[in-house]
Amino acid sequence: MQKNKTMGTVLLLGVFLFGFAVWGALKPADAQSQSERRSLAQLPEFSLSAFADGTWTGDFESYTLDQFPLREQFRTLKSLLSLGVYRQKDNHGVYLADGFVSKLEYPLNEDSIRHAQERFQFVYDTYLAGTDVKPYLAVIPDKNYYLAKQNGYPALDYDAFFSSMRESLPWAQSIDLTGSLTADDYYRTDLHWRQDRLVPTAKTIAEAMGASVEEQFETQTLARDYYGLYYGYAALPVKPETISYLTSDTIDHAIVTNFETNRTCAVYDMEKAAGKDPYEMFLSGSVSLLTIENPNAKTDKELVIFRDSFASSLAPLLLDGYAKITLVDIRYLPSARLGSFLTFTDQDVLFLYSVNVLNNSETIK
């Protein structure tokens, strides 16, 4: 009897493995993983030289892992087992709390914060000191500020984090954003904030800089599901979201100049809204240098924002108070080269960075 059970188990395992092998060989290769926002490996072209040096076998292994039948379902099963059955608090740093998927940002990386502070100090010493610019600093709290500690997860010492940034850059007036945001102002499956809920935050920033925010915005919503970055990390059956964006006469008539492409465009890039990461619709995503001009401005004030991706959705809301807004991303444009592109005179200058970037600032140049 025991022998028959053993043989039966081996037979079932063989049928399972053979069946999946045949299925994997016959099914068409998927081009994209929507949840992971990446292209999947394709069957590599065979050659004797690639086989001899191991390139082909490595590529083939990546192909079989990416194209395994029911891959997404198995990823989801693993996450459900880890969190639901084995009672793990997180799955590779990703956790679910209050209906939000978030990724732990812990511990506080003092070397990274110091690096960011040194680069900002370099910008001030090299370009801003001795001018009439008015510098400001606003640190964007990450989603964990509102979720992690409250749900029993390790969290940064945010008081120490914010104090360090303020005290190391005494020449910049600090703007506190924590009171103008809640967890609901962030996407449930992504790290970014939601533009359609950012008017109070925009007003907080504008008022601190002596500018205004247009109060009449209309909300538009993309007609597609949005799966944020953490949706792919979590591999959990979380409902997709939608992306809403704000329009106004000022935003509709604004002229955006992208200095990477040397082309003008609209504030919202609807081609990228239909792409794999719809959040890139805001000012065309990661661009090292661009300007937004307001031809209907009632002022000649200008604003320069040193920024990460969070500013792409916030900057359009500040247009009412400025004739021109320049966005600079020194993760892509080294700060030592700024003098070739910008002249600082009497602008408002805002250093607007998220906790996520400051705590992982090796890309700031």
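The values are calculated or read from the model by the stated rules, or taken from the named source; none is laboratory data. No experiment lies behind these values; they were computed from the predicted model shown. Please note: Cβ atoms are built from the backbone with ideal geometry, for glycine as well, and neighbour counts cover all protein chains shown. Heavy atoms of the whole protein, side chains included, go into the accessibility calculation; ligands, DNA and RNA do not. Shrake-Rupley method; radii C 1.70, N 1.55, O 1.52, S 1.80 Å.
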Solution diffusion estimate, µm²/s, Stokes-Einstein, the range 114-223, Kirkwood Rh from C-alpha pairs, 25 °C, viscosity 0.890 mPa s: 152 µm²/s
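Mind listing which GluC sites (Glu not before Pro) in the range 174-246 are in a DSSP loop and have 13 or fewer other Cβ atoms within 10 Å? Before the final figure, lay out the partial values.
Values: sites: GLU207, GLU214, GLU215, GLU218, GLU241; in loops: GLU214, GLU215.
The qualifying sites are GLU215.
Tally the DSSP beta bridges in the range 204-359 and give the antiparallel ones as a percent, rounded to 5.
Values: 18 of 28 bridges.
Just about 65 percent of them are antiparallel.
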FRET efficiency, 1/(1 + (r/R0)^6) with R0 22 Å, evaluated for ASP157 and GLU118 via beta carbons: 0.60
Accessible area of the range 204-277 belonging to carbon and sulfur atoms, whole % at 1.4 Å probe: 46 percent
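Which entries in the list LYS134/LYS365; LYS272/LYS324; LYS276/LYS301; LYS203/LYS324; LYS272/LYS301; LYS134/LYS298 go over 26 Å, if you measure between the two C-alpha atoms of each? Walk me through the numbers before you get to the answer.
Working: LYS134/LYS365 22 Å; LYS272/LYS324 24 Å; LYS276/LYS301 36 Å; LYS203/LYS324 18 Å; LYS272/LYS301 30 Å; LYS134/LYS298 20 Å.
Among LYS134/LYS365; LYS272/LYS324; LYS276/LYS301; LYS203/LYS324; LYS272/LYS301; LYS134/LYS298, the Cα-Cα distance tops 26 Å for LYS276/LYS301; LYS272/LYS301.
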Inter-centroid distance (Cα atoms) of the range 309-365 relative to the range 151-219, Å: 15 Å
Global geometry of the range 235-365, whether rounded, prolate or oblate, following the gyration tensor of its Cα atoms and the 1.5 cut on a/c: oblate
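Count the net charge of all other residues whose Cβ sits under 11 Å from the Cβ of THR291, scoring Lys and Arg as +1 and Asp and Glu as -1. Working shown, then result.
Working: positive: LYS324; negative: GLU293, GLU302.
Result for the neighbourhood of THR291: -1.
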Per-residue SASA entry for ARG194, accessible area with 1.4 Å probe, Å² rounded to 10: 70 Å²
Pairwise FRET efficiency - CYS265 versus THR55, Cβ, R0 = 41 Å, nearest 0.05: 0.55
Neighbour net charge for GLU214 - beta-carbon separation under 15 angstrom, K R +1, D E -1: -4
For VAL304, residues with placed amide H under 5 Å, excluding near neighbours: THR326, ASP348, VAL349, LEU350
